[in-house]
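Each reported figure results from applying straightforward, stated rules to the coordinates on display, with no laboratory input. Everything quoted here is computed from the prediction, not taken from an experiment. Heads up, the Cβs are rebuilt from the backbone with ideal geometry, glycines too, and the neighbour counts pull from every protein chain shown.
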Amino acid sequence: MFLADYHVHSDVSQDSRASMYEMVEAEAKMGMEQICFTNHCDMCDWHTYQFNPSCLTRVSETMEKYNAMLAEHPILPIDVRLGLELGEPLFDTERAQAIAASPELDMVMGSLHILQDYGDLWNVKFTSPEHCRQIFHDYMDELIKMAEIDYFDLMAHIGYGRRYMWQQGWDEKLSLEGYGDKIEHLLRLLIDNGRGIEINCSGIRDGCGPFPDPEIIKLYKDMGGEIITVGSDAHKAGDAAKCIREGYEIIKSCGFEYVSTFKKRKCEFVKI
Ligand SMILES: [Zn+2]
Ligand SMILES: [Zn+2]
């Protein structure tokens, strides 16, 4: 079966120390045929909550490291695509749009980690189930705003805040029961605007389930959504392609017969 990991970080991201080649080798060993690097390009700085100037050089850094890798290893064991995890595009939508238009990129993922009133989700101290639910509601409102911009291809890890809630002992998740109207609204916008979603397998790896939950993936499919990728969100070689196979099984069980790949922002469907 065709297997591609479409959410891979390397040391172009500030939270990874793995070289691109280390990741490529590890992904190849795990049986991936294709991967897409999606290094962080955050419009908002994680610490200062101000505009993050390093986002302006992220694409050129990606190209430098990619070209350096090719100079050393002219033949790569797998097909490597270059994408970007574009964080907080609403923070500076003009610059975000300009970065997303970089002709070197194969794919751009829209991503949300920082909420106006709470800061970065990994840093929030969750105090009660109600607190978690309030944050999920605000998160959905923000994702809906983000879905209205049209310069990314996929929306990253919908509902991933569960990981941090779960780590702090709160078993809350973005479910249709609790947030159905907002989820449906979000998926409708994405589908109508020709954008897709990913199944992010990092939560399977951590024990709290994929992002989004399979019931949301199934709803996306039932509503006519076709564009989906599977990603490990690995930041180190040891996590490369972890739980990707489970991710493929889940999307198949939700009715998908094709996975999406991207070349120069053009979506291609591959049978799975
Ligand atoms: Zn992310
Ligand atoms: Zn990521």
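A few points about this structure:
- Sorted by Cβ density within 10 Å, fewest first, the residues H7, H137, H47, H40: H47, H137, H40, H7
- Percent RCO, i.e. relative contact order, over the chain, from Cα pairs under 8 Å lying at least 6 residues apart: 21
- Fewest-first ranking of C208, C36, using other Cβ atoms within 10 Å as the exposure measure: C208, C36
- Max mean-square fluctuation residue, GNM over the chain, Cα-Cα springs under 10 Å, options K173, K242, K145: K145
- Extension gain for H47 to E64 (0.36 nm times residue separation, less C-alpha to C-alpha distance): 3.5 nm.
- Between D206 and H137, the modelled label-to-label distance comes to 2.4 nm, taking each label 7 Å out from Cα in the direction of the beta carbon.
- Residue-span extension gain [D171 to K29] - 0.36 nm each, minus C-alpha spacing: 47.7 nm
- Distance between the C-alpha centres of the range 229-272 and the range 114-182: 22 Å, rounded to the whole angstrom.
- Among A18, A241, A100: highest mean-square fluctuation, GNM of the chain, C-alpha pairs under 10 Å: A18
- Virtual spin-label span in nm between K264 and T57, 7 Å along Cα→Cβ: 2.9
- Inter-label distance, K271 to L90: 4.1 nm, where each label sits 7 Å from its Cα along the C-beta direction.
- Size of the range 4-271 from its Cα atoms: along the principal axes, largest to smallest, the extents are 53, 42, 35 Å.
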